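The values are calculated or read from the model by the stated rules, or taken from the named source; none is laboratory data. All figures in this text were calculated on a predicted structure; none of them were measured in a lab. Here the Cβ positions follow ideal geometry from the backbone for every residue, glycine too, while neighbour counts run over all protein chains shown.
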Amino acid sequence: MNDPSLAILVQAVILEDLHRFGKSQLRMSDPSVQIDVVVSPPFMENTWMIRREGRQDCLVIDPGFTPQAVMGILDEHKLVPAAILLTHGHVDHIAGNAELRRRWPELPILIGTGDAPMLTDARANLSLKGGPAVTSPPADRLLAEPDRVEMAGFVLEVLDLPGHSPGHIAYVLKTEEPHLVFGGDVLFQGSIGRCDLPGGSQKLLVSGIRKKLFSLPDDTVVYPGHGDPTTVGEEKRTNPFCGLSA
């Protein structure tokens with residue numbers, strides 16, 4: 001679960017897939033935005049790292065079970081994280097927080113208000129359901145719509161998107177063309193996040209997707225918590241759970 005070599009191997013495969021997917025399916029974003037990913041077993045969770053070209057700071061989104069692999073990428077590019085941004089508080093999205101904080105003691109952790117208790121509660125973050133207790137340092141900043149995160153050269157708008165978890169949020173970068181969404185476990189390629197976990201609601205999740213994500217331009221790129229990126233337009237047309245014909 002914590003083998004960084006496995007995460008790096010998976011990351012290499014996913015990055016190759018993302019490159020092919022991006023060239024064939026997605027209109028690529030401003031090249032000044034650099035995006036890296038580490039995919040962490042066993043849940044194949046995506047940790048996204050975003051940075052502006054020419055800057056040495058970055059943002060780390062949802063560090064999972066392989067923080068050593070994340071730190072390896074940051075070290076390779078001589079980057080220092082400005083913040084950890086969390087879409088929600090489930091264990092596979094927060095497991096790397098403590099290790100990154102040990103490396104960078106002043107690194108702030110940001111999360112939606114409703115999921116903040118999960119950081120320090122192993123039962124609430126579901127780590128006790130299938131393994132040892134995992135906790136995180138508490139949040140330094142609590143977020144809710146319409147907050148904005150202005151760090152590392154980015155201005156990210158916060159959307160409240162409950163349904164997978166009570167306090168799930170997404171981060172939207174509207175300064176780029178196409179817009180970018182770091183959406184956690186809300187909208188996937190051809191699917192949506194689980195709604196059968198504590199605090200889940202399919203009605204809330206689908207409603208939030210249709211009202212808030214589907215109002216974005218069709219070419220908006222969604223970087224999810226699991227699996228490949230997709231676009232708003234593709235999911236509107238084809239998603240069997242939340243698409244406009246579902």
note = Taking region 232-246 and keeping only residues that are hydroxyl-bearing (S, T, Y) and either in a loop (DSSP other than H, G, I, E, B) or in contact with a Pro (Cβ under 6 Å, 6 or more places away or on another chain) (or both), one is left with S245
ask   = Can E157 be described as surrounded by fewer than 19 Cβ atoms within 10 Å (Cβ to Cβ), of a type outside the set (K, R), modelled with pLDDT under 95 and in contact with a strand residue (DSSP E or B) (Cβ under 8 Å, 6 or more places away or on another chain)?
value = no
ask   = Is one or more of the residues making up region 235-245 surrounded by fewer than 18 Cβ atoms within 10 Å (Cβ to Cβ) and closer than 22 Å to E45 by Cβ?
value = yes
message = Name the single residue that is nearest to V80 (Cα to Cα) among those in region 96-111 being assigned to a helix (DSSP H, G or I) and not aliphatic (A, V, I, L, M).
response = R103
message = I'd like to check something: does region 48-60 contain any residue that is closer than 19 Å to F188 by Cα and either touching a strand residue (DSSP E or B) at 6+ places or on another chain (Cβ under 9 Å) or at pLDDT below 95 (or both)?
response = yes
query = For region 161-208, what are the residues that are aliphatic (A, V, I, L, M) and in a loop (DSSP other than H, G, I, E, B)?
reply = L161, V186, L197
key: Boolean, S136 is in contact (Cβ under 8 Å) with a residue 60 or more places away in the chain, over 26 Å from Q34 (Cα atoms) and either buried (at least 24 other Cβ atoms within 10 Å of the Cβ) or basic (K, R) (or both)   = no
ask   = Taking the condition under 15 Å from L59 (Cα atoms) and out of contact with any Phe, Trp or Tyr (no Cβ under 6 Å at 6 or more places or on another chain), does V134 pass?
value = no
note = Checked region 209-231 for anything assigned to a loop (DSSP other than H, G, I, E, B) and touching a residue at least 60 places away in the same chain (Cβ under 8 Å); matches are D219, G225, G227, D228, P229
note = Checked region 230-240 for anything out of contact with any Gly (no Cβ under 7 Å at 6 or more places or on another chain), under 10 Å from L187 (Cα atoms) and either at pLDDT below 95 or not polar (S, T, N, Q) (or both); matches are V232
inquiry  = Can you find, within region 52-81, the residue that is surrounded by the fewest Cβ atoms within 10 Å (Cβ to Cβ) among those that are assigned to a loop (DSSP other than H, G, I, E, B) and of a type in the set (D, E, K, R)?
reply    = K78
